[in-house]
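Right, one structure below, let's go through it.
The values are calculated or read from the model by the stated rules, or taken from the named source; none is laboratory data. This is a predicted model, so every value here is computed, not measured. Every residue, glycine among them, receives a Cβ derived from its backbone with ideal geometry; neighbour counts consider all protein chains shown.
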Amino acid sequence: MSLAVVRLIGDRGMAMRTRLRVGLALFLAATFLGSVCAQDKESPDAIRARELAETIEKLRNAGRTAQTQQPAEQLIELRTKLLGPDHPETLMARSWLASSYAAQRRYAEAEKLHTEVMEARARVLGKEHPDTLAAMVNVAGILNDRRRHEEADKLYRQAVDALRRTVGNDHEMTAAALNNLAFNLKDMGRFDEAARYYREALDVRRRLLGDEHIDTAATAQNLAMIYRHQERYAEAEPLLRQSLAAMEKAAGPKHPLTAGRLHALGGVLYYMGRFSEAEPLLRRAVAIRREVVGPNDPNTMISVNLLALVLHGQARDAEAEPLFREVVEAHRQIYGENHLYTATARENLGMSVHGQARFAEAEQLFRLAVTDTRKARGDVHVETAHVLVHLGTALDPQRKFVEAEACYREALAIYQKLAPQAEGDRAWCLDALGMCLCRQGRSQDGLPMLKEAASLARRSLGAGHVNAVMFGDHLLQALILLGRHEEAEELGEELARAFESSRLRVSDAGLARAGAMSRESPLLLLPVCKALRGDGTGAYQRLEQGLARGLLEEFVAERLGQLNQEERQRLQELRARLQDNERRIAELQARREPTDREQQGLARAFQQRQELQDGLESLLVEQSLKEVLALERIQEGLPERAVLVAWLDVEPPHGGSGGEHHAVIVRKTGQPIWVRLPGTGPNGEWTAEDIGLAARLRAEVSDPKRDRAAWPRELIGKLYAQRLAPLEPHVKDAKHLIVLPSAKLAGLPVEVLTDRWTVSYAPSGTMLARLRRSAPRGDPKRGRTLLAVGDPAFGQSASPKDASLPALPGTRYEVEAIAPLFERSELLLGERASKEELRKLAPEMQRFDVLHLATHGLINPRQALASSIALSGSPEGVGRLTALEMRKDWRLDADLVVLSACSSGLGQWTTGEGYLGFSQVLLSAGARSLIVSQWPVSDAATSLLMVRFYENWLTARQEPGARRLTKAEALRDAKDWLRNLSRQEVEARIAKLPETARGLKLEAAGAPARTDASEKPFADPYYWSAFILIGDPD
């Protein structure tokens, strides 16, 4: 994905364009409105004509020109009757009707009528009368709409030359004609020439009308759009902000023209990678356009498309996809199945599908887009190149490398021929081609392309742009795998600084940043470089900066932004200087024909503006990084005889053998220890089997239908030898492993591999230290108050998805069994296990020390905060409480939250954050530790495990001198106990359950039944290992 090249559908036809193009007619209309036939002004027909003219004017001013057809037709009939067919006011009415046709995209009818008006005015008033020239501009505008740009250019120039002779250069009509001439030149791709005419028009309008006039604002926006096409985003932004402010003041905050300005500014911010600023602007634009011009209007779809692109840029593809589908369907209805706009809509939809790893589906969408774009634009066109690159990105992950490479090379040739100045486009294509070559094992061929792509992106987009970071990340990976570690470390340090700025731009919320930037983080590659070069401490500190940053920022959200006096003074000074700088830029941009000195001053002003913005970003980065603890502080927070462990893998892009594979160990004292993990290939190289080993084991262990007699013992032994055996010399005295997020082991509990250590998990060393510091140490009243939810009544759901949710009688047993272990408990069972009951308790959640939620988990791997737990609902359906709702409503002070539900520890995988979902939400809300599951779990096994865990944790041992178990120890003991229970013991326990809980199923759904009484039904890791402890282990 490249944010700098995706297309804004219909960008050439924003709402302001029609308004501007008929600006001459509107200007002339002002002289006619009060003069409807003086001799007949009291007649009913004259009064009705005046009323119709006022209605038309109101509709046009409201951006609803398409709705003026009927009143315009009536007005033509009345004025023809009162004044005759060739009277100027009759011709004005006919011009209004033509504009209505144009707004409805009935261009042939509009052209015919505008031409008739132009010819009539030439006969009656003369060929160079201002009215005639106004009609000429309108005809040229329709030719532009019909893509007959050369004809339009000829008419526009004829009109401009005549207006210069008749009304002069410094006249609003001349400025309007220059504006529209430039608009057509922009559509012809003649950007430099268009910019020159826009600047002249802007200069005239500023002097005649002032900066805040609606027409001045429109021309400022048009000039900004030229700068955007030229990738001169820094110059475009102040013009667009000026245009938006003027339009909001002149037309109001909910006018369609205001929506157009919001859309334009949002588009430039999108191209600059500043998604967090773009999103609210575009949501406003969409809301205005849906309400005022209609939900299916083409301009509405333009803004919907751009909003979806911003979501795609934030890796929120599951949210973007329905918006893109809406655009595709609307464009099919408006333009037809094979229109260019429909093709572009399909291309953008393909990007969101690709972002969800549905590559074959994306390929089909891109192929359709390629076919239709070639038909509309030809083989050698920039837009054809764009969609070819996208097709290549869908073929690549399907290992269709030959075809993908051909797509990239064809696109690159087009860019080099037609758009050598569009460095962002070339960078995107070069990066894709370079990665494709690397995936084919041709890294030496791909490296120069990756280097050029990274350099172009830094130069054209800025080092902190998300694309520049992503392309640099690809280059960094290639350098590491080629053994060029010194060069890689130098690049990695540059990227780490740029990454910090980039992640601040994509979103204003920590967890949203984590999702958006997970694919572009150099902070999980740089540690490997530093470790290979012998800097173990520096390597770990960089790793720590890359772990759980989104969660950390949510966790300390109230502290972020609370600057000290020196920092506040620095912030105020930067903002004041930036305001002065913006004023200076506006003054210099207003020059009609700037001198060399003024042009140099403008260049300096833009450079100063960038330096000031960098200063502001640096201040925010400093605040964010201050929350990441130093190694010594992290070590202070470690429990006795506990060690932190993480695994880092830099895999070959071709998916074959090789790569760099390391582990890091952090003990209570001393320097971090980095261990290079050997593979089973020659000279310790990793084979493809080595690389896929963890994924194979997880698939085996988590499969509920696997024959439990067929243990994956061989896989377990191999993975232990790969991941843990090399660490044994460094952890021989440890009793407790605390595992940090490690991509290759995601979703696979380390406990499956060994029972030698107590194992728990932490989002990062920093978060572990902070969670332990926030816990009340030695509190004898821990676990005194419980809130427990279980056995929801799901009702007769109309939804097939909800209808598949079975009842959970074991959760009632679970909740009723643990409640007596607490001093006080609030139980929500059956119908009371509802979203409404939890909503009522939300204001007082902080009084509960433990929350235990036993129900179904409904995990969304694409939208982290859309994951939910199933609760009692209405008789017709299931209640769902989402992670997003928890984040919004819950404030906790809980020692422990248990999500006794299927897959509750999963969600949207993000590098550095782990699975994004319930865990981050609950920890940031105030939970100090969590117990969550890694796959769908057995109702019977889970109920027995949970009861045993609470008994271990909350009940003091009877042995002399025995201490109460920590949470991590209690969970380990419960797992050992469950795996060793005989079938006879299990059945005896189930037989003692209350009648309401007798529905427990001993076997997992679909598993082969077994009847041996001495057999241990829960010995398989599927039953006992799914639940893990995250956070404070004590």
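Of all residues in segment 560-587 being closer than 24 Å to residue 192 by Cα and modelled with pLDDT of 70 or more, which is surrounded by the most Cβ atoms within 10 Å (Cβ to Cβ)? Ranking the qualifying residues of segment 560-587, first place goes to 585. Kindly establish whether residue 541 is in a helix (DSSP H, G or I) and either modelled with pLDDT of 75 or more or in contact with a Cys (Cβ under 8 Å, 6 or more places away or on another chain) (or both). Yes; evaluated as a whole, the condition is true for this residue. Among the residues of segment 251-271, are any without any contact (Cβ under 8 Å) to a residue 60 or more places away in the chain and out of contact with any helix residue (DSSP H, G or I) (no Cβ under 6 Å at 6 or more places or on another chain)? Yes, because at least one residue in segment 251-271 is without any contact (Cβ under 8 Å) to a residue 60 or more places away in the chain and out of contact with any helix residue (DSSP H, G or I) (no Cβ under 6 Å at 6 or more places or on another chain).
For residues that are in a helix (DSSP H, G or I) and charged (D, E, K, R), scanning just segment 428-455, find the one that is farthest from the chain's Cα centre (by Cα). Before you say what the answer is, go through the steps one by one.
Restricting attention to segment 428-455, the residues satisfying the condition of being in a helix (DSSP H, G or I) are 428-439, 443-455.
Next, only the ones that are charged (D, E, K, R) stay: 431, 439, 445, 451-452.
Details: 431: 21, 439: 26, 445: 32, 451: 26, 452: 27 Å.
The extreme case among them is 445.
Of all the numbered requirements in (1) under 26 Å from residue 254 (Cα atoms); (2) surrounded by 19 or more Cβ atoms within 10 Å (Cβ to Cβ), residue 90 misses one, and that requirement is (1).
Of the helices (runs of 4 or more DSSP H) lying entirely inside segment 680-771, those containing at least 2 residues that are under 20 Å from residue 1020 (Cα atoms) span 688-701, 713-723.
Provide a single number: the residues in segment 902-935 that are within 28 Å of the chain's Cα centre (by Cα) and assigned to a loop (DSSP other than H, G, I, E, B).
Taking segment 902-935 as the starting set, the residues that turn out to be within 28 Å of the chain's Cα centre (by Cα) are 902-927, 930, 932-935.
From what is left, the residues that are assigned to a loop (DSSP other than H, G, I, E, B) are 902-907, 911-913, 917, 926, 934-935.
Total satisfying the criteria: 13.
Scan segment 308-330 and give yes if some residue there is polar (S, T, N, Q), at negative phi, out of contact with any Phe, Trp or Tyr (no Cβ under 6 Å at 6 or more places or on another chain) and touching a residue at least 40 places away in the same chain (Cβ under 8 Å), otherwise no. The answer is no, given that none of the residues of segment 308-330 is polar (S, T, N, Q), at negative phi, out of contact with any Phe, Trp or Tyr (no Cβ under 6 Å at 6 or more places or on another chain) and touching a residue at least 40 places away in the same chain (Cβ under 8 Å).
Could you go through segment 708-719 and let me know if any residue there is among the charged types (D, E, K, R), closer than 25 Å to residue 758 by Cβ and surrounded by fewer than 16 Cβ atoms within 10 Å (Cβ to Cβ). Yes, segment 708-719 has at least one match. If you go through segment 277-292 and pick out every residue that is surrounded by fewer than 21 Cβ atoms within 10 Å (Cβ to Cβ) and not charged (D, E, K, R), you end up with 3. Say whether the condition of being on the phi < 0 side of the Ramachandran plot, crowded, with 16+ Cβ neighbours inside 10 Å, in contact (Cβ under 8 Å) with a residue 12 or more places away in the chain and within 37 Å of the chain's Cα centre (by Cα) is met by at least one residue in segment 724-731. Within segment 724-731 (the criterion being on the phi < 0 side of the Ramachandran plot, crowded, with 16+ Cβ neighbours inside 10 Å, in contact (Cβ under 8 Å) with a residue 12 or more places away in the chain and within 37 Å of the chain's Cα centre (by Cα)), the answer is yes, since at least one residue qualifies. Candidates 725, 769, 762: the one that is under 26 Å from residue 626 (Cβ atoms) and at pLDDT 95 or above is 762.
Just one of the numbered conditions (1) surrounded by fewer than 21 Cβ atoms within 10 Å (Cβ to Cβ); (2) closer than 22 Å to residue 263 by Cα is not true of residue 317: (1).
Residue 42 meets each of the listed conditions (1) touching a Leu at 6+ places or on another chain (Cβ under 9 Å); (2) assigned to a loop (DSSP other than H, G, I, E, B); (3) at pLDDT 50 or above apart from (1). Cβ-Cβ contacts under 6 Å between residues 6 or more apart (or on different chains), taken from a first residue in segment 331-348 that is surrounded by fewer than 24 Cβ atoms within 10 Å (Cβ to Cβ) to a second residue that is polar (S, T, N, Q) and modelled with pLDDT of 90 or more, are listed as 332/342; 335/342.
Of all residues in segment 839-854, at least one satisfies being farther than 25 Å from residue 907 by Cβ and surrounded by 20 or more Cβ atoms within 10 Å (Cβ to Cβ).
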